[in-house]
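The values are calculated or read from the model by the stated rules, or taken from the named source; none is laboratory data. Every value quoted in this text rests on a predicted model; they were computed, and no experiment measured them. We place every Cβ from the backbone using ideal geometry, glycine too, and count neighbours over all the protein chains shown. Surface accessibility is based on the protein's heavy atoms, side chains included, excluding ligands, DNA and RNA. Shrake-Rupley method; radii C 1.70, N 1.55, O 1.52, S 1.80 Å.
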Amino acid sequence: MEAAATHDDFETRYWLNTAAAGAWVTILMTVAGFIYLACFAEAGHRLGLGLMLAVDGASGLLALFVIPWRRVVASAWREQIFLCWSLLTVVMIWLSALVDGSDSPLQMALFLPVVFASLCFPVRGVVATAVLAEIAFLTLALEGGLGGGYILVFAAALAGTSTMALWQASNHSAWRRELARSSSTDPLTHLLNRRGFAMASERAMAELARHGRPVTLAVIDLDYLKVYNDRHGHQAGDELLVWVGQKLSESVRAGDAVARLGGDEFAVLLPDTAPAAAEPVVTRLSSALAERAQHCLGIASAPGQGASFDDLYRNADAALYERKLLRPPRTESPQPVEAGPSCA
């Protein structure tokens, strides 16, 4: 079995593209700021504002060409790093507007970090960015020079943008959860699919490598499913597959992983389970399936039968087919799935 992708999946690409978008917007706003500095800023403010804009531009270039975003995105601190970037951007906008005067048009840029936060942050990150942006504007307003009507409309518009950003962040979180679920789940049985099972196996094998916790794998093939489909129809075959998935799920512990790997092949992963401890679980699985589904079952345990999950799966699959070969030969034509003894 192939391992699940970790760095090149959709989620990673989304975060990388978001980082690039943030860097380009920072550079664009810096260019606009320098044009403003040259054409509209008061002479007494130009030195301080120029220094602030230089820092802004440098941060954009660093974000675009220097910071190792792939490593950042793959780390456990991804969201915290992005949040710090947004909060620092709010602070830099506030300082630039403060240097330019309380009525500076640069304060309009306070909307940008809030919008950026809505692209990828969880709700709490959007709240933190929106609150800081609102506080930054109100402190600028307290400096004087802004009319009451302007302050009201600007603060309300910023609050409205923040509300929409929160709504977007909430929806985005729900979409991410659904995408993660659907990309790792078999749509018929609602068990794990190959990708989801590979992710579960990676975690189990990591525990084996770090703490020496054994792993047992059971691979299950249903017999004569094609015959069953031909005699009863594919809808009945699908119903049988769903029943098998339910029986397997009911027969394992909360921390175990059950998957439909494709067609009539199922697998059960038993983390932190040695061969002796796995025997009653495997017996329970086979007995549950024997009610309706003739099947063959092969098992293997790590580390004794494989240092990697690929080795473990290969040995379990070999054990399954060895049992099939040792099964007594049939003297009559194959019967539907639910008939005949199993080779588990």
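Quick look at the numbers
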{"item": "Inter-label distance, nm, simple model (7 Å from Cα along the C-beta direction), residue 42/residue 284", "result": "7.7"}
{"item": "Ratio of Rg to Rh over segment 1-129 (Cα coordinates, Kirkwood Rh, two decimals)", "result": "1.06"}
{"item": "Bridge type composition, segment 140-285 - antiparallel percent by DSSP, nearest 5", "result": "95"}
{"item": "Nearest-0.05 FRET efficiency for residue 177 and residue 322, computed from C-beta distance (R0 45 Å)", "result": "0.65"}
{"item": "Net charge, residue 245 excluded, C-beta distance under 10 Å - Lys, Arg +1, Asp, Glu -1", "result": "0"}
{"item": "Net +/- balance of residues flanking residue 104 in space, Cβ distance below 12 Å, scoring K and R +1, D and E -1", "result": "-4"}
{"item": "Positive-end residue, segment 171-275 charge dipole about Cα centroid, Cβ charges, pick of 206, 262, 249", "result": "206"}
{"item": "Linear extension gain, residue 291 paired with residue 155, 0.36 nm per residue minus alpha-carbon span", "result": "42.3 nm"}
{"item": "Neighbour cut-off at most 11 other Cβ (10 Å), DSSP loop, trypsin sites (Lys or Arg not before Pro), segment 288-330", "result": "330"}
{"item": "Other-chain or far-sequence residues with amide H under 5 Å of residue 305's (modelled H)", "result": "none"}
{"item": "Calculated FRET efficiency for the pair residue 84/residue 242, C-beta based, R₀ 45 Å, to 0.05", "result": "0.45"}
{"item": "Surface share of carbon and sulfur [accessible, 1.4 angstrom probe, percent] for the chain", "result": "64"}
{"item": "Segment 206-266: mean projected area of Cα convex hull, nm²", "result": "4.9"}
{"item": "Fraction of alpha-carbon pairs over 15 Å apart in segment 223-315 - percent", "result": "63"}
{"item": "Segment 8-116: chymotrypsin sites (Phe, Trp or Tyr not before Pro) falling in loop per DSSP and having at most 16 other Cβ within 10 Å", "result": "40, 77"}
{"item": "In Hz, Karplus ³J(HN,Hα) per residue of segment 56-61 (6.51, -1.76, 1.60; θ = phi - 60°; x = Gly, Pro)", "result": "4, x, 4, 5, x, 5"}
{"item": "From the coordinates shown, P(r) over Cα pairs in 20 Å bins from 0, in percent corresponds to which of [x] 28, 60, 12, 0; [y] 25, 35, 24, 15, 2, 0; [z] 31, 55, 13, 0", "result": "[y]"}
{"item": "GNM result for the chain, Cα springs below 10 Å: residue of 84, 296, 39 fluctuating most strongly", "result": "39"}
{"item": "Extent along principal axes [Cα atoms of segment 68-124; Å; largest to smallest]", "result": "41, 21, 16"}
{"item": "Surface/4 of the Cα convex hull for segment 110-216, nm²", "result": "10.3"}
{"item": "Gain in span if fully extended, residue 35 to residue 226, counting 0.36 nm per residue against the direct Cα distance", "result": "61.6 nm"}
